[in-house]
Amino acid sequence: MPDDLLTAGAIAKELGLPDTKVKKAIKDLGLTPKAKKGACCYYGCEVLPKVKTAAAK
């Protein structure tokens with residue numbers, strides 16, 4: 001996997017938010033992962049501002 005891809009857990013850690021809020025924000029925004037490996041979805045760094053804004057609501 002490229003280094004610029006993050007799982008929901010890594011996004012949560014990066015933003016200092018709980019995993020559940022991040023996962024809900026990803027679902028609510030309808031974000032599609034750039035890559036998938038097994039059950040893990042990997043998102044690009046460009047989703048960080050979107051997720052942060054959505055999780056703050």
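The values are calculated or read from the model by the stated rules, or taken from the named source; none is laboratory data. Model, not experiment: these values are computed from the prediction. As a convention, Cβ positions derive from the backbone with ideal geometry for all residues, glycine included, and neighbour counts pool all protein chains shown.
Every condition in (1) modelled with pLDDT of 95 or more; (2) more than 10 Å from the chain's Cα centre (by Cα) holds for Ala39 except the one numbered (1). Determine, yes or no, whether Lys27 is surrounded by 12 or more Cβ atoms within 10 Å (Cβ to Cβ) and basic (Lys, Arg). It is false that Lys27 is surrounded by 12 or more Cβ atoms within 10 Å (Cβ to Cβ) and basic (Lys, Arg). The set of residues in the stretch 13-44 that are closer than 16 Å to Lys57 by Cβ and either assigned to a loop (DSSP other than H, G, I, E, B) or free of Cβ contacts under 8 Å to residues at least 12 places away in the same chain (or both) comprises Leu17, Pro18, Thr20, Lys27, Gly30, Leu31.
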